[in-house]
Amino acid sequence: MRIALAMLFSGLALATQANGIYKWVDEDGVVHFGEQPPNSAEVEVIKKPKSERFKQWESEQQAALTEEQAKQEASKHSPEPQNTNKQEPQGSSKMEEEIARAQAQARAQRCESSQKNLKSLTTHARVREIDEQGNHRMLGEDERQQRIADEKKSIRDNC
């Protein structure tokens, strides 16, 4: 009996460590904490999950955020009318460099993510994923091969 209780408590401790903890505020201003964040709210990660899926999601979110920031900076500093003396405005070259750097960083993150995905897809014959409802499902061989082709194309485009 003691052994069963010890196993139960250690299993619960491991399950608690594996999940992340998120914090968000709803429309009414009420602060919530939970293991599954809502899709519609700004979420703060209190404790990061240790799963590879979360790490992949985090790198993709960071790449998308970086790219979005670069687009916003580009739209803020739209080209001004050209000077008659054909000198380039001083701020535009710095902005262009920042935009190029942000785009290169986003591309590098997409490249790294695609490489990790490709490695996972090619080393494992049976790939399991979690859908939006939290259900687990196995990828069929045709779908796995399609994703391998997509990741290879992404690597060609971003690396």
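Bear in mind these aren't lab numbers, they're just calculated from the coordinates by the rules spelled out. Bear in mind that the values here come from a model prediction, so they are computed numbers and not experimental data.
List of remarks:
- Gained length - K47 relative to I130, 0.36 nm times residue gap less alpha-carbon distance: 27.8 nm
- With a threshold of 30 Å on the Cα-Cα distance, the over-threshold entries among K23/K153; K47/K116; K48/K71; K23/K71; K94/K116 are K23/K153; K94/K116.
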